[in-house]
Structure formats: structure tokens, C-alpha cells
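Report on the following structure.
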């Protein structure tokens, strides 16, 4: 009987301690913040499109960059995830690179790209959006503000998206 009371008392103590953690407020941490961004709105087909970002996270636990892209007039949508390097988990400044195919079919198309950052606890940053159209004009010259970020490629994202989109555009409709 003493053994039963001892086990019962010990179990009750463990259960009550287990419930105490629910009473202690958990510090929510902070979500990542994209503090600044820039991307040219026009590029030549066949060249790279650079999306410049500056972001920070007080917790220092940024995990990946989430990129979604779709034609501006359609619901066709794809997502891509790019990991953030360990040394950039608290603060980053750089660019995402997207290679575009050299296709004349892109000439009249407009695309919408959205970028956000996710941390290790699945909190998301504010989303930033960009429009892209294709033209025969030359590249945009970067302002001094983005010169340092232009030296740091964060990731290459969506390398096959435009090719898949073109395949869908060119496929025969039934």
C-alpha cells in the first residue's frame, strides 16, 4: 500500500508539473522582415532577372526564401524554396537570380512574382511583389543603394518555370 501511495503521489506531482508549463507565457519571438526590395520590371528574354532583397530577423533563425510566380492574367502558379545560408540567418542583403528563356513568345507576357521569408518556427515575413515583362531594351542600371547587394547571390530560383510555361503556351489545345 505504501508503494502504491508513493507511486500515486509521484505521478500526481509529475502531472501537475507538466501542466505548470502551460501557465508560463511563451515568448513568441519575431518573424523575419523584408525591409527593402527592388527588381527591374523589364528584361530581355534569355537574360537573367535579379530580385534584390534586404531582410532581417531578430531571432536569427531565417530558414528559407519562398518565391511564387504566375502569369499576371492566369492562375497558373508555382512555388520555389531557397535555403538561407547559416551566416545570413539574422540579416541578409543580396539577390535572387532567375534565368529566362530566349523565346519570342514571352514578348507580350507579364508575370507576377511574390517573395517572402520563413523562419525555423514557420513564421513568415511580409510579402513583396514584383511585375515582370519582357522587352528588347537594355538592362537597368543599379543605384548605389543596391551595389553591395549585387555582389551576393542568395539563390537561383525557378530555373524551369518559364520553360514549363512556354511548353504549355505552345502545346496544342483540344
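Please report the spacing between the Cα centers of segment 144-164 and segment 46-125 in Å, no decimals.
One Cα centre to the other: 8 Å.
Could you sort the peptides 86-93, 63-70, 141-148 by per-residue average Cβ neighbour count (10 Å cutoff), highest mean leading?
For the peptides 86-93, 63-70, 141-148, the packing ranking is 63-70, 86-93, 141-148.
Starting from the alpha-carbon convex hull of segment 33-170, give the projected area averaged over all orientations, in nm².
Directional mean of the projected Cα hull area for segment 33-170 stands at 8.1 nm².
Per 0.36 nm of contour for each residue apart, how much would the distance between residue 47 and residue 143 grow if the chain were fully extended, relative to their Cα-Cα spacing?
Additional length available on full extension: 32.6 nm.
Would you kindly give the portion of the calculated P(r) for segment 81-127 that falls above 18 Å, as a percent of all Cα pairs?
46 percent
Between residue 156 and residue 91, 0.36 nm times their residue separation minus their Cα-Cα distance comes to what?
That works out to 21.5 nm of additional length.
Taking Cα pairs under 8 Å and at least six residues apart, what relative contact order does segment 34-174 come out at, in percent?
In percent, rounded to a whole number, it is 32.
I need the peptides 54-62, 115-123, 129-137 ranked by packing, meaning the mean over residues of other C-beta atoms within 10 angstrom, with the highest value on top.
For the peptides 54-62, 115-123, 129-137, the packing ranking is 54-62, 115-123, 129-137.
Read the figures in this text as sums done on the coordinates, not as results from a lab. This one's a predicted model, so the numbers in the text were calculated from it and none came from an experiment. All Cβ positions, glycine included, derive from the backbone under ideal geometry; neighbour counts span all protein chains shown.
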